[in-house]
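Notes to accompany the following structure.
The values are calculated or read from the model by the stated rules, or taken from the named source; none is laboratory data. All values reported here derive from a predicted model rather than from experimental measurement. FYI the Cβ positions are ideal-geometry reconstructions off the backbone, even for glycines, and counts take in every protein chain you see. SASA here: full protein model, heavy atoms, side chains in, ligands and nucleic acids out. Shrake-Rupley method; radii C 1.70, N 1.55, O 1.52, S 1.80 Å.
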Amino acid sequence: MTVRRILYYPNPVLRKEAKLISKITRETRHLARDMLDTMYDAGGIGLAAPQIGVSLQMFTMDCGDEDEQARVFINPTIIDSSEETEIAQEGCLSFPEQYADVERPFHCSVRYRNLVGKIVKESFEGLEARCVQHEIDHLKGKLFIDHVSILQRNILLHDLKKLLAERQVSGPKFQRS
Ligand code: NI
């Protein structure tokens with residue numbers, strides 16, 4: 001098990017567009033395993049590769065439904081999304097302890113490659129659709145704060161800055177909790 005360090009905003013990698021994965025190799029599968037380990041360790045439901053400093057088009061997701069499993073998406077594209085939207089609270093592992101209401105389409109369909117290279121088309125709704133859209137945003141260098149008002153964003157970033165400064169003072173032990 002390898003838990004990688006999660007990058008926090010404003011690390012510039014989070015704003016870069018991630019590169020397509022041209023070939024799925026042993027390294028790709030290794031990266032996927034590390035990302036799942038990191039996501040579970042941090043208690044997240046989704047993690048995009050740029051969040052651990054790897055600018056490649058991959059994300060992991062496990063929204064915790066009983067019959068759902070950990071999933072890996074490679075080179076994902078949203079091919080359809082509903083006009084129906086939903087506003088719900090959202091957070092991000094790169095913005096610890098920060099949350100904001102974000103409006104997103106309630107349904108979306110995604111085309112991606114799985115870990116054996118097969119092209120899959122899948123439809124999602126609710127929390128899973130939200131998570132998929134949030135993670136695909138990451139691969140474009142887009143972040144959930146881009147979906148909220150400037151005022152809300154400023155408050156959130158101010159709180160984040162304060163939190164990260166406090167953590168630095170109290171040392172790495174606190175940072176990992
Ligand atoms: Ni995120």
Top-ranked residue of region 120-175 - restricted to ones that are touching a Lys or Arg at 6+ places or on another chain (Cβ under 6 Å) and not aromatic (Phe, Trp, Tyr), ranked as surrounded by the fewest Cβ atoms within 10 Å (Cβ to Cβ): Lys121
Looking for whichever is closer than 24 Å to Leu36 by Cα, open to solvent by 20 Å² or more (accessible area, probe 1.4 Å), more than 15 Å from the ligand (Cβ to nearest atom) and at pLDDT 95 or above here; the options are Leu56, Leu93. Which one fits? Leu56
Evaluation of Gly43 against (1) in contact with a His (Cβ under 8 Å, 6 or more places away or on another chain); (2) surrounded by fewer than 16 Cβ atoms within 10 Å (Cβ to Cβ) (one fails), failing number: (1)
In this structure, is Gln51 open to solvent by 20 Å² or more (accessible area, probe 1.4 Å) and either at pLDDT below 95 or not β-branched (Val, Ile, Thr) (or both)? no
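A quick yes/no check of all residues on (1) in contact with a Ser or Thr (Cβ under 6 Å, 6 or more places away or on another chain); (2) among the hydroxyl-bearing types (Ser, Thr, Tyr); (3) touching a residue at least 40 places away in the same chain (Cβ under 8 Å):
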site	(1), (2), (3)
Glu17	no, no, yes
Leu31	no, no, no
Gly44	no, no, yes
Gln51	yes, no, yes
Glu84	no, no, no
Tyr112	no, yes, no
I'm trying to understand the selection: among the residues of region 79-90, which are of a type in the set (A, V, I, L, M) and open to solvent by 60 Å² or more (accessible area, probe 1.4 Å)? Ile79, Ile87
Among (1) over 22 Å from Pro12 (Cβ atoms); (2) basic (Lys, Arg); (3) within 16 Å of the ligand (Cβ to nearest atom), there is one condition Lys118 misses while meeting the rest; what is its number? (3)
Any residue in region 163-174 that's within 19 Å of Tyr9 (Cβ to Cβ): show its pairings with residues that are at pLDDT below 60 at Cβ separation under 6 Å, as long as the two are six or more apart or on different chains. Arg167/Phe174; Arg167/Gln175
Scanning region 96-119 for residues that are part of a strand (DSSP E or B) and aliphatic (A, V, I, L, M), which turns out most open to solvent (accessible area, probe 1.4 Å)? Ile119
Tell me, please, whether a residue that is in a loop (DSSP other than H, G, I, E, B), modelled with pLDDT of 95 or more and either within 14 Å of the ligand (Cβ to nearest atom) or in contact with a helix residue (DSSP H, G or I) (Cβ under 6 Å, 6 or more places away or on another chain) (or both) can be found in region 153-169. no
For region 9-23, enumerate the residues that are crowded, with 18+ Cβ neighbours inside 10 Å and farther than 12 Å from Phe59 by Cα. Tyr9, Leu14
Going through Glu103, Glu125, Glu84 one at a time, which residue ends up being touching a Pro at 6+ places or on another chain (Cβ under 8 Å) and more than 12 Å from the ligand (Cβ to nearest atom)? Glu84
